[in-house]
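> Just dropping this structure here.
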Amino acid sequence: MTTSVERAQYSDRVPIRSIILRPDGGSGLAGQQARVGGWVKTGRKADKDAFAFLELNDGSCASNLQVIVEADKGDLGQLVLTGTCLLVDGVLKLPPDGKKQKVELQVQKVIHVGVVDASKYPLPKTRLPLELLRDYVHLRARTNTMGAVARIRDELSYATKRFFHEHGFRYVNTPNITTSDCEGAGEMFQVTTLISEAEKLEKNLIKNPPPSEVDIESANLIIKQRGNDVAQLKSAKASKQEIGAAVAELQKAKENVLKMEERSKLQPGIPQKDGKIDYSQDFFARQAFLTVSGQLQLESYACALSTVYTFGPTFRAEKSHTSRHLAEFWMVEPEMAFAELEHDMDCAEDYVKFMCQWLLDHCMEDMEFFADKIDKSCLDRITMSAKTPFARITYTEAVELLTEAVKNGKKFENHVEWGIDLASEHERYLTEIKFQKPIIVYNYPKEIKAFYMRLNDDSKTVAAMDVLVPKVGELIGGSQRDERNDVYYCRMKEMGLPIEPYEWYLDLRRYGTVKHCGFGLGFERMVQFATGLDNIKDCMPFPRSAGRADL
C-alpha cells in the first residue's frame, strides 16, 4: 500500500475518499501533507475557542474527514457553520486513542473560505425530511442521502454501459423528439413552436397593426403613378439611366404592395386549416412529441447491427402525484435481433444481477449508509438478487396465485381476475410474499399490452415479460416484437392506431424481417430498488412531475 497521498488528477487537492477509504482508514498516511477541499457538515469550537473540529465532506464518498483548525488560522465562528466551503493545507496525523476516525487533518493554512449566512442557509445540521429537501433541489446534493444517491446512480450508469459493452451491444443515440407514440397511450408532451410564434405575432400586430384596405389602395395608386412616370420617360426618349431609375422605383412600389397584402392576411392566434390546427406551419411541419421510449427507432438499428441499446431520458405527460411517477425519467433499452422471449428474459435477469453485484463490489459504503438510515433490508435485498435465480411464471399462473391469496384472506385494493393489468400491490405481493425474490412474469393478455408485442399462437396473449422485484414491483418491461407485417397491420387497426406515422416501422417487417426482442428498465426504479427510498422523486437529481419543474 502506498504511503503517499493521491491528488485529484485535475486539481491540487486530495479527494477525501483516497484518504479514508483506504484499508487502513488513512492511518498509513500520517505525517503526509495534503490539500483538502469540501463543505462543512458539522463544526464546533473547543478549548475556549482556541481551535475548532470540523467534519468536512467533498462528495467523493459518504464519510467525512475530521479537520482541526486553530484560531490563528481563520475566523472559527464562520468556519464551524454548516455549508461553509473550505480549501485547506495541512498535515495528516493519527488521532488520540479511542477515537472513531483513523486519521485527521491538522490545518496549517486556510486557502479558501466560501462563507454561509447561517440565518438563511436552508440545510441545518439536523436531518430534514426528503420531501422538504425537494424544495431545495439546487442544494440537496450536499446532504448525506442525496450525495449517496448521486454516487449510486453514477455507479449503476457505469455498470450499465459496462454490461452491454462486454456482451457485444452497440450504444445508439435515439431521438428525444419523435413523431410516433411507442406506447400508444397518448400521454406525451408536445413539441411545438406554434404557441410562441403566435404570441410573437400578436405582439407584433399590436405594435405594428396590419395595413387596411385604404392603405393598400393608396399603395396601388403609387404603383399606377410610378408606371405612368416610366411610360412618360420612354415617350420622351429619356436616357437609359433615367428610365432605369424610374423602373426601379416602380419595382419597389410593387414589392411594397405585395408585402402589405401578405401582412394584411396575418391573423392572431394559432394557424388553422379546415377547422384544425395547421401543423404544416409548425417547426417540424407535423405534430412532434418528446419521446416515451427509444424502442421503435432502436429496432431499426437492431435490424442492422443485431444487438444495440440506448440509455437516455424519456417523458410521460401523466398528471400523477404518486410516489412512483415522474414526468421525466431515464430508460435503459436493449434490442436484440435473432432472439426470442426466452433470450430476452435471460438478458434482463443477467443485467439486473450484474448491477446488484456491481453495487456490492463498488458501493458498499453507500449501501451500508442506506441500510443504516433508510431501509435496513436493502443490502440483503441486493445481495439476494445478485446471487439467487429469478422465478419465472406465466401471467395466468400469477393471477391464479393472486386469486388463491384472496381466497385465503388476503385483501387487495384492486380486483383480481384474468385480463387485469397487475397493480403494484399485486406485483409486490408476488415478489415479496409469495416468492421472496425477483420474478419474471410472461405471456400477458394482448389487450393490456402495446401493439408491437408478438401475438402468441393462442391469439389471446402476447410474448411480453415483466421483471418484478421486491420494494418496487415492476422494474423491467419487455417483449418479443412481432416480425410479421400482416399481423402488425391487423393489430394496429384493432387498436385504432393511424398507419401513416408508422409506415417506416412497418418497412422493417417488409424488408429483411427478423425475430427480435428487447426491454426497458426504468433507471430511477433501479435506484429505488437499491436504496430503499420510498419516493422515486428522490432517486432523480432534478425531478420533474406534475406541477414541479424546479430549475
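The values are calculated or read from the model by the stated rules, or taken from the named source; none is laboratory data. Predicted model only: the values in this text are computed from it and were never measured. Using ideal geometry, Cβ is built from the backbone for each residue, glycine included, and neighbour counts are taken over all protein chains shown. Quick note on the areas: whole protein, heavy atoms, side chains included, nothing else; ligands and nucleic acids left out. Shrake-Rupley method; radii C 1.70, N 1.55, O 1.52, S 1.80 Å.
> Distance from the Cα centre of the stretch 421-453 to that of the stretch 66-104, in angstrom?
53 Å
> Using a 1.4 angstrom probe with every protein chain in place, what is the largest-first accessible-area order of I216, I440?
Accessible-area ranking of I216, I440, largest first: I216, I440.
> Using 0.36 nm per residue of separation minus the Cα-Cα distance, give me the extension gain between T126 and E447 in nm, one decimal.
Stretched fully, the T126-E447 segment lengthens by 110.5 nm.
> If r is the Cβ-Cβ distance from S264 to W504 and R0 is 45 Å, what FRET efficiency results, to the nearest 0.05?
Values: r = 41 Å, r/R0 = 0.90.
That gives a FRET efficiency of 0.65.
> Right, another one. Using alpha carbons only, how many angstrom separate the centre of the stretch 291-355 from the centre of the stretch 210-263?
64 Å
> P(r) for the chain: what percent of alpha-carbon pairs falls in each 10 Å bin, starting at zero?
Binned Cα distances yield the sequence 3, 13, 19, 18, 14, 12, 9, 6, 4, 2, 0, 0.
> Along the Cα-to-Cβ line of V487, 7 Å from the Cα, sits a label point; which residues in the stretch 504-530 have backbone N less than 15 Å from it?
Taking a point 7 Å out along Cα→Cβ of V487, the residues of the stretch 504-530 whose backbone N falls under 15 Å are 509-510, 513-518.
> May I pose another question? Rank I382, I439, G478 by how far each Cα sits towards the positive end of the charge dipole of the stretch 377-478 (+1 on Lys, Arg Cβ; -1 on Asp, Glu Cβ) and give me just the farthest.
So the residue furthest toward the plus end is I382.
> Can you work out the PRE-style zone for A8? Point 7 Å along Cα to Cβ, and I want the residues of the stretch 89-126 with backbone N under 15 Å.
The answer is 89, 111-114, whose backbone nitrogens lie closer than 15 Å to the label point.
> So how exposed is R428, as accessible area in Å² (1.4 Å probe, rounded to 10)?
Here the residue's solvent-accessible area equals roughly 80 Å².
> With a cut-off of 18 Å, note down the residues of the stretch 466-506 whose backbone N falls inside the zone around a label point 7 Å from the Cα of N414 toward its beta carbon.
Those under the cut-off are 466-478.
> Continuing with the same structure: Size of the dipole of the stretch 438-514 about the Cα centre, Lys and Arg at +1 and Asp and Glu at -1 on the beta carbon, nothing else charged, in debye to 20?
120 debye
> Sticking with this one: Mind checking which of S11, A141, M336 is farthest towards the positive end of the chain's charge dipole, using Cβ charges of +1 (Lys, Arg) and -1 (Asp, Glu) about the Cα centre?
S11
> Let me ask another. Starting from the Cα gyration tensor of the stretch 378-475, take the square roots of the eigenvalues, sort them a ≥ b ≥ c, and report rounded, prolate or oblate (rounded when a/c is under 1.5, otherwise prolate if a/b is larger than b/c, else oblate). Each step should come with its number before you reach the end.
Working: a/c = 2.16, a/b = 1.30, b/c = 1.66.
Judged from the Cα gyration tensor, the stretch 378-475 comes out oblate (a/c at least 1.5, b/c at or above a/b).
> Mind grabbing the accessible area of D49 for me, 1.4 Å probe, Å², rounded to tens?
The accessible area comes out at roughly 80 Å².
> Could you check the simple spin-label distance between E242 and Q78, using points 7 Å along Cα→Cβ, in nm with one decimal?
The answer from the label model is 8.3 nm.
> What number comes out for accessible area per residue over the stretch 1-117 if the probe is 1.4 Å? Units Å², please.
It amounts to 51 Å² per residue over the stretch 1-117.
> About the Cα centre of the chain, what is the dipole size in debye to 20, counting +1 per Lys and Arg Cβ and -1 per Asp and Glu Cβ, all else neutral?
So the magnitude is around 1380 debye.
> OK, next. Per 0.36 nm of contour for each residue apart, how much would the distance between E199 and A150 grow if the chain were fully extended, relative to their Cα-Cα spacing?
Using 0.36 nm per residue and subtracting the Cα-Cα distance, I get 13.7 nm.
> Still on this structure, please answer the following. Could you grab the Rg to Rh ratio for the stretch 213-372? Cα atoms only, Kirkwood for Rh.
Result: Rg/Rh = 1.41.
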